[in-house]
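Chemist: Structure in structure tokens, see below.
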Amino acid sequence: MFRLSPETAADWHEVENLFDTAFAPGREALSSYRLRDGVAPLATLSVVARDATDGIAGAIRYWPVLVGQADQPALLLGPVAVHPTHQGEGLGGALIFDTLERARGLGWGAVILVGDAPYYGRFGFQKALHLDFPPPTNPERILWLPLAKEPEIAGLVRRWDRPQ
């Protein structure tokens, strides 16, 4: 049994340790981290999952980004991680489904990520042939999920430069 709750400032170091465990310390060299530099994760969508011992079993974060010349706002999902002792228990899926519903309820129109299509496809994500990411990013791993019936977003995904 897991308890989902918003990530707080007190969770920061424990969540960062989980991400380092799941992805290795070099994760911050990825191009998606350039989109996060100097931008706070969205508190309304950054969630931790605690287990029966009150330890962090999983976590997910979202970041605002801008897309194309029209500066269309979108969400960048990630990272999402589950502690190795809880993998295979459906926690990653629960975090993603829960936060996608929250994002939809908050009026966000689209979610973008860099990841594995076979895993994220079960949540409705598909290849984003119309989006460009800062290099180096494998275009085959750029995925998106529309949350609203708005025109398709297209163009270069850029760092959020607006007040939050």
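The values are calculated or read from the model by the stated rules, or taken from the named source; none is laboratory data. Just so we're clear, the structure is a prediction, and the values are computed from it rather than from any experiment. We place every Cβ from the backbone using ideal geometry, glycine too, and count neighbours over all the protein chains shown.
Chemist: Need pairs with beta-carbon distance below 6 Å; first residue at positive phi and touching a residue at least 60 places away in the same chain (Cβ under 8 Å) and within region 106-123, second β-branched (V, I, T) and surrounded by fewer than 14 Cβ atoms within 10 Å (Cβ to Cβ); sequence gap 6+ or separate chains.
Modeler: Sorted first by the residue in region 106-123, then by its partner, the list stays empty.
Chemist: Hey, among G78, G68, which residue is within 23 Å of G38 (Cα to Cα), surrounded by 13 or more Cβ atoms within 10 Å (Cβ to Cβ) and more than 16 Å from the chain's Cα centre (by Cα)?
Modeler: After ruling out the rest, the residue left standing is G68.
Chemist: Can you tell me which of (1) on the phi < 0 side of the Ramachandran plot; (2) assigned to a loop (DSSP other than H, G, I, E, B); (3) of a type in the set (G, A, S) is the one A57 doesn't meet?
Modeler: A57 satisfies all of (1) on the phi < 0 side of the Ramachandran plot; (2) assigned to a loop (DSSP other than H, G, I, E, B); (3) of a type in the set (G, A, S) except (2).
Chemist: In the set E101, E140, E152, which member is free of Cβ contacts under 8 Å to residues at least 24 places away in the same chain and within 29 Å of A24 (Cβ to Cβ)?
Modeler: Being free of Cβ contacts under 8 Å to residues at least 24 places away in the same chain and within 29 Å of A24 (Cβ to Cβ) holds for just one of E101, E140, E152, which is E140.
Chemist: Can you find a residue that is modelled with pLDDT of 95 or more, in contact with a Pro (Cβ under 8 Å, 6 or more places away or on another chain) and outside any strand (DSSP E or B) anywhere in region 7-26?
Modeler: yes
Chemist: Which residues, counting only those in region 88-104, are in a helix (DSSP H, G or I), farther than 19 Å from E152 by Cα and not aliphatic (A, V, I, L, M)?
Modeler: Passing the criteria: G92, G93, F97, D98, T99, E101, R102.
Chemist: I would also like to ask the following. So if I check each of I56, I60, which one is in contact with a helix residue (DSSP H, G or I) (Cβ under 8 Å, 6 or more places away or on another chain), surrounded by 16 or more Cβ atoms within 10 Å (Cβ to Cβ) and closer than 26 Å to H130 by Cα?
Modeler: Checking each option against the conditions leaves just I60.
Chemist: Something else now. Restricting to region 105-132, and then to whatever is over 14 Å from the mean Cα position of the chain (by Cα) and within 9 Å of L147 (Cβ to Cβ), can you tell me which residue is surrounded by the fewest Cβ atoms within 10 Å (Cβ to Cβ)?
Modeler: Selected residue: G107.
Chemist: Tally time: how many residues in region 37-92 are at pLDDT below 95 and of a type in the set (F, W, Y)?
Modeler: The number of residues fulfilling the criteria is 0.
Chemist: Cβ contacts < 8 Å: first residue without any contact (Cβ under 8 Å) to a residue 12 or more places away in the chain, restricted to region 1-24; second residue part of a helix (DSSP H, G or I) and surrounded by 14 or more Cβ atoms within 10 Å (Cβ to Cβ), any location; separation 6+ or different chain. Result?
Modeler: D20/R27
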